[in-house]
Each structure stands twice: as structure tokens, then as C-alpha cells.
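Everything on this sheet refers to the single structure shown next.
The values are calculated or read from the model by the stated rules, or taken from the named source; none is laboratory data. Everything numeric in this text was worked out from a predicted model, so none of it was measured. Methodologically, a virtual Cβ is constructed for each residue, glycine included, from the backbone with ideal geometry; neighbour enumeration extends over all protein chains shown. When the accessible area is computed, the model is the full protein with side chains, heavy atoms only, and any ligands, DNA or RNA have been set aside. Shrake-Rupley method; radii C 1.70, N 1.55, O 1.52, S 1.80 Å.
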Amino acid sequence: RNYLVKYLGIDAFTFYDGVKTAKNNRVRSEASSSDLNKVLNFTQKHYAKPNSQMYGIAKGKNIIVIHLESFQQFLINYRLNGKEVTPFLNSLYNDKSTYSFANFFNQVGQGKTSDAENMLETSVYGLPQGSLFSALGTDNTFQGAPAILSQTEGYSSAVFHGNKGSFWNRNSVYKNLGYQYFFDSSYFNTDSNNLTEYGLKDKLLFHDSVKYLERLQQPFYAKFITVSNHFPYTIDKKNTDFKAADTGDSSVDNYFVTAHYLDQSIKEFFDYLKKSGLYNNSMIVLYGDHYGISNSRNLKLASLLGKSSSTWTDFDNAQLQRVPFMIHIPGQKNGGIQQQYGGEIDVLPTLLHLAGVDTSSYIQFGTDLFSKQHDQVVAFRNENFVTPNYTVVDGNIYDNKTGVQITHPSTALANKIKSESNKVNTELSLSDSLNNKNLLRFYIPNGFTPVNPKNYNYKNDFGQITQIQKQLGTSSTSLWSRNGNKTTIDDYNSDAPELNTTDSDKENQSSASSSINASSSSSASSDAN
Ligand code: GP9
Ligand code: MN
């Protein structure tokens with residue numbers, strides 16, 4: 001809501017909110033079991049069986065999800081002035097232990113980051129307007145990744161994000177998703193020196209999270225939401241020596257610089273994972289949430305992609321909605337670049353199957369990317385869509401191979417596109433009905449216990465995780481316990497200058513009591529969003 005107020009202004013927001021509430025109440029009270037049956041019929045018919053070669057290959061491993069803010073696929077393996085922009089992510093992308101997806105698309109609407117998070121963790125679409133997290137996230141019933149993994153495989157769960165917990169209404173929604181812990185900006189040192197416009201700098205987010213991460217019971221499901229690579233892509237001089245592009249549009253030019261910084265921060269984190277030993281016991285998932293360069297700015301970007309702004313089309317805009325999706329499983333040797341088409345909606349069933357969790361009784365709109373029955377029609381929130389051969393924008397069909405519009409399709413092609421388009425529309429409208437009518441409150445998947453948000457309180461996460469450690473004693477599985485009840489922070493090497501400038505209180509920060517103090521006293525991040 002804060003976010004909408006910022007963008008719409010308070011008057012427009014009050015109106016919008018009032019209309020929404022009235023509409024929600026009416027729609028909800030009219031919800032019936034036949035609405036739910038329509039959704040169930042679709043998702044059950046659409047269900048894709050796991051691939052037996054892949055099912056359970058990451059069973060019992062920690063799952064670390066890294067949200068690459070505004071990161072588009074074209075950055076992968078891209079060279080600017082002969083220099084790799086993201087050398088570390090490129091090395092991961094090309095690694096045989098990584099299942100890297102070359103044709104994976106973001107599917108967000110106006111809810112941007114929050115829509116991506118929602119799709120990834122529930123396999124249900126966002127709303128056609130606004131953010132699902134903000135509009136319905138407090139009241140709706142969710143059957144999300146943290147709850148499923150906790151109930152089926154005993155995972156603990158946490159989110160690390162260096163912005164206020166209220167941004168995108170996360171502090172309510174995460175409880176409904178079953179997240180046990182949410183380390184928002186109140187848990188970090190948010191000296192202004194440590195912040196960019198959208199919160200804690202990425203190198204600091206990863207470094208400063210370790211004192212919490214190492215205390216989580218394993219296996220854990222942990223999500224890191226980065227922010228440094230966020231529009232308008234500003235970065236302190238002391239944080240980079242990477243040379244910007246020179247298209248004349250400063251946000252396009254600096255996009256490469258902040259992406260480079262994000263890449264370095266992930267390398268530092270991976271180095272820590274390896275040194276501390278977490279690495280071998282984890283599956284690390286990385287994804288880009290949505291575009292960083294908007295359609296109107298793509299005209300400036302065109303020349304850097306070897307294209308011309310004068311021949312740029314809707315087809316090019318749609319193709320640029322690719323974002324990275326990489327699943328890195330140390331020890332696997334059969335990874336490599338996957339060509340199947342898919343999107344954010346497909347992540348949850350894919351990951352659950354890798355973790356050895358049966359998804360057949362859940363309501364999920366996506367399908368496992370590794371399944372032989374995986375559906376390769378990728379729906380955008382505005383009903384446009386992409387398939388392996390065609391791209392459809394506002395009813396116009398483009399040939400993916402040539403980028404040329406097919407103005408006179410054969411009857412067979414026209415029929416094929418029509419039926420795909422019907423499927424896209426049906427799927428989106430069923431998802432809307434599920435969300436608007438809060439239908440999941442009427443449905444309990446086999447073996448699932450509905451989440452009670454009251455079970456979670458994010459005020460004293462550090463106290464809670466240390467308490468659990470204490471109670472478990474020698475059976476605690478946290479890294480800290482396994483490390484002889486000692487911190488692993490010394491395994492972390494970062495070149496972030498802020499860590500040296502704040503050295504005086506660095507010692508305090510890594511000790512338990514002062515981080516609690518910092519968390520309860522700090523509202524210092526008020527300028528973060
Ligand atoms: C803020 C961050 C940004 O917490 O996740 O969200 P976005 O503006 O990208 O939707
Ligand atoms: Mn985002």
C-alpha cells in the first residue's frame with residue numbers, strides 16, 4: 001500500500017483501495033464450490049508428471065533462492081566494450097552442475113517483484129492490475145513453497161531482504177506462505193552509507209545475512225532478495241570501477257554497472273558457501289524477476305544488442321522478457337543449457353519435484369520444466385504469449401526464427417494459435433477467479449495443513465533461531481552448531497568498502513545481542529523505499 005500511495009498519490013489510492021475493497025467483498029461472498037471445481041478441473045488436466053531422471057535429485061538439500069533484481073537474460077554472456085558484465089553468473093550458466101534455461105520468461109504484471117515472488121512460490125499468477133501481495137495478500141489463503149517444504153520434508157524457512165518488511169506487504173504475505181523468519185532491513189545495519197535507493201547494498205545483504213543463515217536448522221529454504229540492480233541503476237563510485245555504456249540514456253548505460261556489482265556480490269556469497277561447507281549440501285536457484293530496461297528504452301538498448309531501433313518491433317520487446325533461471329546442484333554433472341520454453345509460473349512444481357515432493361494434489365498453474373508433459377506456452381499477464389515457434393502480441397503472430405510477422409497464417413496455424421490463445425486466457429482467468437474469490441480457503445491438498453499466519457512473528461527472529469538451537473542441543477543441524485557452536489563469518493571474504501568503514505562496530509554486529517538491539521531500535525531505513 002505504501003508503494004501504491006507513492007506511485008498513485010494518496011487521493012487516487014484511497015479511491016482505488018475503496019473500489020477494490022467493495023469489489024472484493026462482493027466477489028468473495030459469491031464464491032462457490034463450482035468456481036473451485038472449474039479451477040481444479042483445469043489444473044488437474046494440466047498436471048505434468050515428474051521426470052523420473054530428475055525426481056528427488058535434490059532431496060534433503062538446503063534450497064537457496066537468489067532473486068536477481070531486474071536482471072534480464074541478455075546480460076548472460078554479454079560483453080560490453082569487450083568486458084564480460086557478469087563473469088561469475090556466466091560461469092554458473094555454463095557449468096555442467098547447473099540446469100540453465102535459455103528460454104525462460106518473466107510473467108509479471110504491475111506487481112513486479114511481488115508478482116515474481118508470488119508465481120515462484122505458489123505457481124499461481126498475479127493480478128491483471130496492481131499487486132496481488134498488496135491487494136489480497138493479507139487475507140488470502142496460500143499453499144506456498146515454505147509451508148509445503150516444511151510439512152513434507154521438514155524444512156525451516158527464511159527470507160533476507162534489505163528493505164522494510166512492509167514493502168509489497170511482505171510482512172503479512174510471508175506469514176501466509178508459511179515463512180518462519182523474515183529478516184528485513186530492521187535486522188541489518190542500515191547506515192545511509194550502506195544503502196542504495198531500494199535498500200541494503202547487495203554485497204552487504206549477503207555478508208550480513210550469514211550470522212542469521214548459519215543458525216537456521218537444516219535443511220532450510222532461504223530466499224535472498226537483492227536490490228542494487230534496481231532502476232534507476234545508481235551506484236556509489238566507491239562500489240565499482242566498471243565502465244558504463246554510452247547510449248545516452250543513463251539508466252540503460254548504468255544497468256550494466258549495477259548488474260556487474262550484483263554479479264560480484266553473488267560470487268562472494270558462493271565463495272562463502274564453498275568455504276563454510278554449505279555449498280555441497282545445497283541446491284542454489286537463481287532467477288531474474290522482470291525486465292530492467294523498459295520497452296520504451298529498448299530503442300536505446302537496440303544498438304548494444306546488434307539491432308537497429310528503426311526495425312525494432314513488439315516481437316523484439318517480447319523476446320527480451322527472458323530472464324535467467326538457473327538451478328545449480330553441486331555434484332550433478334548432467335546439467336547444461338536447457339532449451340525448453342517456460343516461465344516463473346513453472347518454478348514451484350519443478351523445484352518440488354527436484355526435492356522429491358509429490359505435487360499432484362496441489363492447485364498449480366505451472367508445470368515441471370523437466371517433465372515430458374511440460375506445457376511450453378508461456379503466458380504473459382496481458383494475454384500475449386510465447387511458444388517455441390511463435391510469439392503472439394496483441395493478436396499478431398510472429399515467427400520466432402525470423403522475427404517476421406505472419407500476416408496470412410495458414411488455416412492450420414491460425415487454429416493452433418487460436419487454441420493456444422484460448423488456453424492462455426482460460427488459465428489467466430481461472431487464476432484470477434482463484435485469487436479474487438480466495439478459493440484456496442475451500443481446498444486442502446492431500447496431507448497439507450492450512451497455514452496459520454498467527455504462528456509467525458518476525459519481531460525477534462534471531463532470538464527464535466538461537467532458542468531452537470539451544471533446545472535441540474547436540475541434535476541441532478544448524479551450520480553454527482555443526483561448526484562447534486562457532487560462527488562461520490570468518491569464511492566470508494568481501495571487498496565491500498562499507499565493511500571496513502563500519503569496522504568499529506563490526507564486532508558488535510556479529511555478536512548475538514547487539515544484532516537484536518539493532519533490529520528492535522532501527523527504523524533507519526525509512527528512506528529505503
Ligand atoms: C523492494 C524491491 C523492489 O523491496 O523488491 O520491487 P520492484 O520495484 O522491483 O517491484
Ligand atoms: Mn523487482
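Scanning segment 169-205 for residues that are open to solvent by 10 Å² or more (accessible area, probe 1.4 Å), under 22 Å from Gly111 (Cα atoms) and in contact with a helix residue (DSSP H, G or I) (Cβ under 9 Å, 6 or more places away or on another chain) yields Asn169, Ser172, Lys175, Asn176, Asp184, Thr196, Glu197, Tyr198.
Of the helices (runs of 4 or more DSSP H) contained entirely in segment 105-207, those carrying at least 3 residues that are at pLDDT 95 or above and within 16 Å of ligand 1 (Cβ to nearest atom) fall at 112-122, 132-135, 170-177. In segment 430-456, the residues that are small (Gly, Ala, Ser) form Cβ pairs under 6 Å with partners that are in a helix (DSSP H, G or I), at six or more places apart or across chains, as follows: Ser433/Asp35. In segment 93-113, the residues that are more than 17 Å from Asn384 (Cβ to Cβ) reach residues that are more than 15 Å from ligand 2 (Cβ to nearest atom) and of a type in the set (S, T, N, Q) with C-beta atoms within less than 6 angstrom, at least six apart or across chains, in these pairs: Tyr93/Ser100; Ser97/Gln332; Tyr99/Gln338; Phe101/Gln338; Ala102/Gln339. Among the residues making up segment 171-209, those that are touching a Lys or Arg at 6+ places or on another chain (Cβ under 9 Å) and farther than 22 Å from Gln264 by Cβ are Asn171, Lys175, Tyr179, Phe182, Asp184, Ser186. Would you please name the residue that is surrounded by the fewest Cβ atoms within 10 Å (Cβ to Cβ), looking only at residues in segment 421-458 that are of a type in the set (S, T, N, Q) and touching a strand residue (DSSP E or B) at 6+ places or on another chain (Cβ under 9 Å)? This residue is Asn425. Scanning segment 208-243 for residues that are more than 16 Å from ligand 1 (Cβ to nearest atom) and not in a loop (DSSP other than H, G, I, E, B) turns up Asp208, Val210, Lys211, Tyr212, Leu213, Phe220, Tyr221, Ala222, Lys237, Lys238, Asn239.
Scanning segment 67-91 for residues that are touching a residue at least 12 places away in the same chain (Cβ under 8 Å), open to solvent by 10 Å² or more (accessible area, probe 1.4 Å) and in a helix (DSSP H, G or I), which turns out nearest to ligand 2 (Cβ to nearest atom)? If we take residues in segment 67-91 being touching a residue at least 12 places away in the same chain (Cβ under 8 Å), open to solvent by 10 Å² or more (accessible area, probe 1.4 Å) and in a helix (DSSP H, G or I), then Gln73 is nearest to ligand 2 (Cβ to nearest atom). Screening Asp95 on (1) over 28 Å from Asp246 (Cα atoms); (2) more than 16 Å from ligand 1 (Cβ to nearest atom); (3) in contact with a Gly (Cβ under 6 Å, 6 or more places away or on another chain) shows it passes everything except condition (3).
Of all residues in segment 293-311, how many are open to solvent by 10 Å² or more (accessible area, probe 1.4 Å) and outside any helix (DSSP H, G or I)? It would help to see each step written out before you state the result.
Initial filter on segment 293-311 (open to solvent by 10 Å² or more (accessible area, probe 1.4 Å)): 294-297, 299-300, 303-311.
Next, only the ones that are outside any helix (DSSP H, G or I) stay: 294, 306-308.
Looking only at that region, the number is 4.
Residues of segment 371-384 that are surrounded by fewer than 24 Cβ atoms within 10 Å (Cβ to Cβ) and touching a strand residue (DSSP E or B) at 6+ places or on another chain (Cβ under 8 Å): His374, Gln376, Val377, Phe380, Asn384.
Kindly indicate whether any position in segment 323-343 is open to solvent by less than 20 Å² (accessible area, probe 1.4 Å), of a type in the set (S, T, N, Q) and more than 16 Å from ligand 1 (Cβ to nearest atom). No, because not a single residue in segment 323-343 is open to solvent by less than 20 Å² (accessible area, probe 1.4 Å), of a type in the set (S, T, N, Q) and more than 16 Å from ligand 1 (Cβ to nearest atom). Only a single criterion out of (1) modelled with pLDDT of 95 or more; (2) surrounded by fewer than 13 Cβ atoms within 10 Å (Cβ to Cβ); (3) of a type in the set (Asp, Glu) is not satisfied by Asp461, namely (2).
Take the residues in segment 210-250 that are of a type in the set (Ser, Thr, Tyr), more than 16 Å from ligand 2 (Cβ to nearest atom) and surrounded by fewer than 24 Cβ atoms within 10 Å (Cβ to Cβ), then tell me which one is farthest from Glu268 (Cα to Cα).
Pass one, segment 210-250, residues of a type in the set (Ser, Thr, Tyr): 212, 221, 226, 228, 233-234, 240, 247, 250.
Within this subset, residues satisfying the condition of being more than 16 Å from ligand 2 (Cβ to nearest atom) are 212, 221, 240, 247, 250.
Subset that is surrounded by fewer than 24 Cβ atoms within 10 Å (Cβ to Cβ): 212, 240, 247, 250.
Details: Tyr212: 17, Thr240: 15, Thr247: 30, Ser250: 27 Å.
Ranking the qualifying residues of segment 210-250, first place goes to Thr247.
State whether the residues of segment 329-345 include one that is part of a helix (DSSP H, G or I) and under 28 Å from Arg297 (Cβ atoms). Please lay out each step first, then the result.
Keep residues of segment 329-345 that are part of a helix (DSSP H, G or I), which gives 344-345.
Next, from what is left, pick out any that are under 28 Å from Arg297 (Cβ atoms): 344-345.
There is at least one residue in segment 329-345 that is part of a helix (DSSP H, G or I) and under 28 Å from Arg297 (Cβ atoms).
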